Amino acid sequence: MNTSALSLPATLRPRQIISWFGVAPFFLFALLFLILPTLNIVVGAFRNAQGQATLQNLGKLFSPSIQSAFWISIELSLLTAVLGCLFGFLIAAAITLGGLPRPLRNAILTFSGVASNFAGVPLAFAFIATLGRLGFVTMLLRQWFGINLYGSGFSIVSFLGLALTYLYFQIPLMVLIITPALDGLRREWREAAESLGASGFQYWRLVALPVLWPSLLGTLALLFANAFGAVATAIALTGSSLSIAPIVLFAQIRGDVLNDPHLGYAIAFAMIMLTAIANGIYILLRMRAERWVK
Amino acid sequence: MTGKRFWSWLAVTFGGLYFLLPLVGMFDFSMRMQRGAYSFEAYRVVLADPRFQQTFGYSVVLALLTIVLGILIVVPTAYFVRLRFPGLRPIIEFITLLPLVIPPIVIVFGYIRIYNTSSILPLTGSWWGTNILLLFGYVVLSLPYMYRSVDTGLRTIDIASLTEAAQSLGAGWARILTVVILPNVFVSVLSGAFLTFAIVIGEYVFAALLNVNSFGPYMVWMGGNRAYEPSALAVIAFAITWACMGLIQLFTRFSIFSIVRR
Amino acid sequence: MAFLDIQHLEKAFGAMRVVKDFNLGVEKGEFVSFLGPSGCGKTTVLRMVAGFETPTSGAICIEGRNITGLPANRRNIGMVFQAYALFPNLTVEENIGFGLKVAGEGKAATRSRVGEMLELIGLPQLGGRYPFQLSGGQQQRVALARALAPRPQVLLLDEPLSALDAKIRISLREEIRRIQRDLGITTIFVTHDQEEALSMSDRVVVMHQGIADQVGTPFEIYNRPTTRFVAQFVGSLNLLDANVVDAAAGKVLLGDVPVSLNRPLLGRSGERISLAARPEIVTLGRSDGDHVVLAGRIADVHFLGSVIRIRVAVEGGLLSLDTFNQPDRPPPLLGTPVEVSVSHRDLLVLAA
Ligand SMILES: Nc1ncnc2c1ncn2[C@@H]1O[C@H](COP(=O)(O)OP(=O)(O)O)[C@@H](O)[C@H]1O
Ligand SMILES: [Mg+2]
């Protein structure tokens, strides 16, 4: 820049200060409305009502009802994350490597953008209208095929129903994240493997999947956290009849005055820990899987 | 070759069935309010409901404010980090990813504990305070999307040269940001904005736990008390999401900015 | 029958015919180059031989066995790509051992073969590295070793040197040829660089718009091009327009200067033809005997050091010629009237 040596210090200082003013609001904001609230919960989980350090709150997590709520939550999140990854992967593979027409690929990607954001209350309504007692598919199955869905024990207000609903945003999210990764698989890798005598299966096992590993693991962790924190869908779908961790916490917060707020802290803390562990595992595995990248 | 294509079509067909049936079901159900005939009665009832108008209007305003505040916080940050503090990038990226990792219900729980009536900053005690807290909460939820899209936009332009050029013409920081940088990352900002809109408009957990009557809690209330109207609401919400995503596509694909930049 | 026999090979993508009636026999241990401009169908032929594309018609045989319908992974053909295409998640050793591993070769046998290959390409210490830790030239050597490790019947290389800088390109060129000779492996090498094709190959196939224009040794291709395309694409060339006066006697008119070629021509009298001569066979001054002598003026002089490239304006066009630098003879001045000579035998006659 054409600033003369004399005026340099004079212009440099205000510029530095202005730069800091540019980023300061962000940090202040993140501190006040993201970090401190979270820390407050974490610290609160280790304090009793008198403000003394304790592990009692965490101990209460192991009461049968809360423990089972967490288990259901973990199972639900893990199942929908794994199935979301699997089905999302199949669809993404179909549109990237499967030789389908280009417009179909674009349509599916656009739809995935919509569906992955169509979570929460409206999604629950859509599934009630489809697989509820009077839902579209329920009626269709009964009238056309004579299958009584609810007679066979199915209910949309169940673990299975919830899992089916969660997959509606889990699968598209996977499609959106993994499609660029699949596009990154070079055609020559496959051809090189083939010319060296490898079968399609061997190519996938030895080259494609190892290359995709980091993305797959990352998405799995993200999908897990995504399902774990999804409260609105669950509440709109089941009311509070299915006891999963975020719904228990929701009830705790609502009924704060009556219940023990420190149990709430403990539940919230456990939720943070679980998503953090999921991401920690992801980061660890990713570092190992990415030895061959810069 | 043909085998591969067969399996691809199979995967896409099954996927299509799974993804389209709930939409068909929701639409079908929303039309059945009048016995024996398809009608838009449920939509009429919903749209005429003053509580719908009130909560929906509230959520739209809140979503727009979220977008404005989000831009005000994110654009200068992303800009100065790229220009002056590249070392801060990993920290900022980490922070902006946190809302995807920490469940929203935990964040709002923290708000209730920190900003309750007996704290130093009793935001939840007043109408204004509660609304501001909700707004800030939504900005937090939108951070991952906003920051990512703005940062992607900044990556495609040479901000250092643009800044120097503007400075040599005598522009100050505020002017550089609003007149030079913002128009150049406009399309990216818009993508973030529409995504934010889609997320905020029907949000439930924050609003419900802060006791704010926005569109999300209204929908849940309808779900517990009515039969056909919830489906109509779901169709409306789906249409809004679809519109937001469609607009993002439209802007990124057909914008003069992105064409010029190539 | 040749070792690798390609018969009437055709390939169309939709309505576009990319390869047309391609015939070639490659002998065992021979090094054949496909030379041609970008988009002429070289890669497509190679990919059909490798099994990545299905021919529209025609046959590909190795040792008399028709392999046209065989999938790529059962052909036992090694392939080297322009962009290396090393597997990024495997080390150099694992890359080279890949073909042996998928063939179910034992660990010990694989290890010794990989070591052998590393020696062959001169990178014995780099076995533990990942591809991203190698330079482009090193990566391409590893790709070569990977293709050779399972002892393929045929080696295919698709512009393997195009992504490298000039210096490495030349050293690797020599190395590839050395390795090919050592192993005696039948090789097809695709390139758009004539110098590469001429310097490396036993025979060159010059391709043009999906057709093999000419097949021959580098010497034949360069000195006896049979089509105008081959003549122009390979090496630099002087072209002079002429009219046939008497085909049987070999008399033509360059502008209004009569020239006798002393051999019968194929064209009819009155037809327009092109006379072509390489710069190095044109000499300055009058040579007697079996030479065509033309009068002209110096139009341009480029002093290149050891070589001086001179352009002379003659009837029918400009002639470029190369002379060696001689310290006691400075280059001629512009506009000087001169005579140039070309041997009848070396003057090519091409259809206009
Ligand atoms: N998969 C394909 N689909 C359609 N056209 C193709 C395909 N592959 C190659 N072509 C066309 O075939 C012609 C020859 O291509 P190629 O064999 O790659 O040429 P070269 O290797 O000589 O540069 C080009 O015009 C190219 O556009
Ligand atoms: Mg090619």
Counting only residues that are closer than 22 Å to C:Pro37 by Cβ and either open to solvent by less than 20 Å² (accessible area, probe 1.4 Å) or hydrophobic (A, V, I, L, M, F, W, C) (or both), how many does the range C:160-175 have? 6
Evaluate the range C:92-100: report whether one residue or more is surrounded by fewer than 21 Cβ atoms within 10 Å (Cβ to Cβ), away from ligand 2 (no atom under 16 Å from the Cβ) and more than 20 Å from A:Ser199 (Cβ to Cβ). yes
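Count, please, the residues in the range C:71-87 that happen to be open to solvent by 30 Å² or more (accessible area, probe 1.4 Å) and away from ligand 1 (no atom under 16 Å from the Cβ).
The qualifying residues number 5.
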Among the residues of the range B:1-24, which ones are open to solvent by 70 Å² or more (accessible area, probe 1.4 Å) and either among the β-branched types (Val, Ile, Thr) or over 19 Å from A:Gly84 (Cβ atoms) (or both)? B:Met1, B:Thr2, B:Lys4, B:Arg5, B:Phe6, B:Trp7, B:Trp9, B:Thr13
Enumeration of residues in the range C:266-323 that are small (Gly, Ala, Ser) and assigned to a strand (DSSP E or B): C:Ser274, C:Ala276, C:Ala277, C:Ala295, C:Gly296, C:Ala299, C:Ala313, C:Gly317, C:Ser320
I need the full set of residues from the range B:38-48 which are among the aromatic types (Phe, Trp, Tyr) and open to solvent by 50 Å² or more (accessible area, probe 1.4 Å), in order please. B:Tyr38, B:Phe40
Any residue at all in the range A:146-158 that is open to solvent by 30 Å² or more (accessible area, probe 1.4 Å) and part of a helix (DSSP H, G or I)? no
Tell me whether the range C:47-67 contains one or more residues that are more than 14 Å from every other protein chain (Cβ to nearest Cβ), within 16 Å of ligand 2 (Cβ to nearest atom) and surrounded by 21 or more Cβ atoms within 10 Å (Cβ to Cβ). no
Just wondering, is there one or more residues in the range B:205-226 that are loosely packed, with under 14 Cβ neighbours inside 10 Å, in the same structural domain as B:Leu135 (by TED's automatic domain parsing) and under 17 Å from B:Val75 (Cβ atoms)? no
One residue is enough: does the range A:235-254 have a residue meeting the conditions crowded, with 18+ Cβ neighbours inside 10 Å and outside any helix (DSSP H, G or I)? yes
Among the candidates A:Ile147, A:Ile178, A:Ile128, residue that is among the hydrophobic types (A, V, I, L, M, F, W, C) and within 13 Å of another protein chain (Cβ to nearest Cβ): A:Ile128
Members of the range A:12-45 found to be more than 7 Å from chain B (Cβ to nearest Cβ) and in contact (Cβ under 8 Å) with a residue 40 or more places away in the chain, listed by number: A:Val42, A:Ala45
Of the numbered conditions (1) at the interface with chain B (Cβ under 8 Å from one of its Cβ atoms); (2) out of contact with any Ser or Thr (no Cβ under 6 Å at 6 or more places or on another chain), A:Leu100 fails exactly one; give the number of that condition. (2)
State all residues of the range C:228-247 that are in contact (Cβ under 8 Å) with a residue 60 or more places away in the chain and over 21 Å from C:Glu196 (Cβ atoms); if no residue qualifies, say none. C:Arg228, C:Asn238, C:Leu239, C:Leu240, C:Asp241, C:Ala242
Kindly provide the set of residues from the range C:124-175 that are over 21 Å from C:Gly99 (Cβ atoms), within 16 Å of ligand 1 (Cβ to nearest atom) and not acidic (Asp, Glu), ordered by number. C:Leu161, C:Ser162, C:Ala163
Could you tell me whether B:Val189 is over 29 Å from B:Gln53 (Cα atoms) and either more than 10 Å from chain A (Cβ to nearest Cβ) or open to solvent by 40 Å² or more (accessible area, probe 1.4 Å) (or both)? no
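Would you confirm whether any residue within the range C:102-109 is more than 8 Å from chain A (Cβ to nearest Cβ) and buried (at least 21 other Cβ atoms within 10 Å of the Cβ)?
The initial filter retains those residues of the range C:102-109 that are more than 8 Å from chain A (Cβ to nearest Cβ), namely C:104-109.
Imposing the further condition that a residue be buried (at least 21 other Cβ atoms within 10 Å of the Cβ) reduces the set to none.
No, because not a single residue in the range C:102-109 is more than 8 Å from chain A (Cβ to nearest Cβ) and buried (at least 21 other Cβ atoms within 10 Å of the Cβ).
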Pick from the range C:8-31, criterion within 16 Å of ligand 2 (Cβ to nearest atom) and open to solvent by 40 Å² or more (accessible area, probe 1.4 Å), ranking: nearest to C:Leu46 (Cα to Cα): C:Phe13
Counting only residues that are touching a helix residue (DSSP H, G or I) at 6+ places or on another chain (Cβ under 7 Å) and closer than 22 Å to A:Ala24 by Cα, the range B:85-109 contains a total of 10
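A quick yes/no check of all residues on (1) modelled with pLDDT under 90; (2) β-branched (Val, Ile, Thr); (3) open to solvent by 40 Å² or more (accessible area, probe 1.4 Å):
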site	(1), (2), (3)
B:Gly36	yes, no, yes
B:Arg51	no, no, yes
B:Leu83	yes, no, no
B:Glu93	yes, no, yes
B:Asn131	no, no, no
For C:Leu126, all conditions in the list (1) aliphatic (A, V, I, L, M); (2) within 16 Å of ligand 2 (Cβ to nearest atom); (3) more than 22 Å from A:Gly197 (Cα to Cα) hold save one; what is the number of the exception? (2)
With the requirement that a residue be more than 18 Å from B:Val200 (Cα to Cα) and assigned to a helix (DSSP H, G or I), what does the range B:222-237 give you? B:Met222, B:Gly223, B:Gly224, B:Asn225, B:Glu229, B:Pro230, B:Ser231, B:Ala232
Restrict the check to the range A:67-89 and report whether at least one residue is open to solvent by less than 40 Å² (accessible area, probe 1.4 Å), among the small types (Gly, Ala, Ser) and more than 19 Å from A:Ala225 (Cβ to Cβ). no
Any residue at all in the range C:19-40 that is in contact with an Asp or Glu (Cβ under 8 Å, 6 or more places away or on another chain), among the small types (Gly, Ala, Ser), over 18 Å from C:Leu157 (Cβ atoms) and away from ligand 1 (no atom under 16 Å from the Cβ)? yes
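The values are calculated or read from the model by the stated rules, or taken from the named source; none is laboratory data. Just so it is clear, the model here is predicted, and its values are computed rather than measured. When we count neighbours, we look across all protein chains shown, and the Cβ atoms used for this are built from the backbone with ideal geometry, even at glycine. Note: areas computed on protein heavy atoms with side chains; ligands, DNA, RNA excluded. Shrake-Rupley method; radii C 1.70, N 1.55, O 1.52, S 1.80 Å.
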